[in-house]
1. Can you work out which of the residues in the range 189-206 that are out of contact with any helix residue (DSSP H, G or I) (no Cβ under 6 Å at 6 or more places or on another chain) and among the charged types (D, E, K, R) is nearest to Arg130 (Cα to Cα)?
2. Do we find a residue being free of Cβ contacts under 8 Å to residues at least 40 places away in the same chain and assigned to a helix (DSSP H, G or I) anywhere in the range 97-107?
3. Counting just the residues of the range 75-89 that are out of contact with any helix residue (DSSP H, G or I) (no Cβ under 7 Å at 6 or more places or on another chain) and part of a strand (DSSP E or B), which one comes out least open to solvent (accessible area, probe 1.4 Å)?
4. Is it the case, given these coordinates, that Asp155 is charged (D, E, K, R) and modelled with pLDDT of 95 or more?
5. Please go through the range 96-105 and give me each residue that is open to solvent by 10 Å² or more (accessible area, probe 1.4 Å) and modelled with pLDDT of 95 or more, ordered by number.
6. Filter the range 194-221 down to the residues that are more than 17 Å from His159 (Cβ to Cβ) and in contact (Cβ under 8 Å) with a residue 60 or more places away in the chain and list them by number.
7. For residues that are of a type in the set (D, E, K, R) and within 21 Å of Ile148 (Cα to Cα), scanning just the range 190-217, find the one that is most open to solvent (accessible area, probe 1.4 Å).
8. I'd like to check something: does the range 146-159 contain any residue that is in a helix (DSSP H, G or I), open to solvent by 70 Å² or more (accessible area, probe 1.4 Å) and farther than 20 Å from Val41 by Cβ?
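The values are calculated or read from the model by the stated rules, or taken from the named source; none is laboratory data. Computed from a predicted model, the values in this text were never measured in an experiment. Positions of Cβ are generated from backbone atoms using ideal geometry, with glycine treated the same way; all protein chains shown enter the neighbour counts. Heads up: the accessible areas ignore ligands, DNA and RNA and are worked out on the full protein's heavy atoms, side chains in. Shrake-Rupley method; radii C 1.70, N 1.55, O 1.52, S 1.80 Å.
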Amino acid sequence: MNVQLLRKIAPAAMVCIILILAQTEASAKKRPPAGGRVAIVVDERLSALRTTPDFYGKLLRRVSRGGLVAIRGEKRARDGVVFYRVNITSRTNGWMQRDAVVSPSRPGDDARLLLLIKGSEDFDRIARARIFLDNFRLSGFRPEVLMIYAQAAEDASSHLSRDALRRLDEKEMSAGAAPLFSYFLNFNELDRYNRQGVTFVFDAREKRFHYDGEGWQEIVHRYPRSSEAVEARKRLESRAALIAR
């Protein structure tokens, strides 16, 4: 084959290989490990994986929030703390404090996660609420968590608006060919919220973000008789009036 042709094909082939590997890795991360009941890490402060069921075992790794584990068994330490024996991957397993994880199949874990959400602040509250909404779809606490999630998102819109105004230089934006509002909607601080399912709309006149209200809409449509539905309707009406101005 022509050497010049090889040089042209090689970079494209390499890009394809990298994309395939990235997609494979992403799929692997989403797939829960085999070998036991699935649980999700919700408190990374306690998620140390150790070789023995106590606080003095060798640290193998720390599992990040949202990480999936498979529970194989449990043991109570002398100090009364319960440890789960868990699989992280097909090759990695160890012991993790029970309080670090929740399992949709374990009665009461939805209530325990709700307490943790209420005790959390700012982005941590949103991230833990997202774990609840993704994994406890039939829980009776879901309307309450949706309201907490939506309120935390709307609260976040205030400081995101301030940060964007401070960091985005109007002179630089005007020098570019893109519409002004697009710089705000591409503001990099929005990224981590977007990964948690939170979307913000931008008020170009006021130059500020607002939560798009998806959580409130779900409450109204799926839980119209819940106590949270009254407040959710008010929030949606207020948002509609804002857009209509």
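1. Arg195
2. Narrowing the range 97-107 to residues free of Cβ contacts under 8 Å to residues at least 40 places away in the same chain: 98, 107.
Filter again for assigned to a helix (DSSP H, G or I), leaving 98.
The answer is yes; a qualifying residue exists.
3. First pass over the range 75-89, keeping only residues out of contact with any helix residue (DSSP H, G or I) (no Cβ under 7 Å at 6 or more places or on another chain): 75-81, 85-89.
Checking the rest, the ones that are also part of a strand (DSSP E or B) come to 75-76, 85-87.
Values: Lys75: 113, Arg76: 151, Arg85: 70, Val86: 2, Asn87: 21 Å².
Only one residue tops the list, namely Val86.
4. Numbers: charged (D, E, K, R): yes; modelled with pLDDT of 95 or more: yes.
Yes, satisfied.
5. First, pick out the residues of the range 96-105 that are open to solvent by 10 Å² or more (accessible area, probe 1.4 Å): 97-99, 104-105.
Across the range 96-105, the qualifying residues are Gln97, Arg98, Asp99, Pro104.
6. Residues satisfying the conditions are Gly197, Gly213, Glu214, Gly215, Trp216, Glu218, Ile219.
7. Looking only at the range 190-217, we keep the residues that are of a type in the set (D, E, K, R), and these are 191-192, 195, 203, 205-208, 212, 214.
Now drop any that are not within 21 Å of Ile148 (Cα to Cα), which leaves 191-192, 195, 212, 214.
Numbers: Asp191: 72, Arg192: 109, Arg195: 175, Asp212: 28, Glu214: 100 Å².
Result: Arg195.
8. Residues of the range 146-159 that are in a helix (DSSP H, G or I), as a first pass: 146-159.
Cutting the leftovers down to open to solvent by 70 Å² or more (accessible area, probe 1.4 Å) gives us 155.
Filter once more, so that each one left must be farther than 20 Å from Val41 by Cβ: 155.
Yes: one or more hits.
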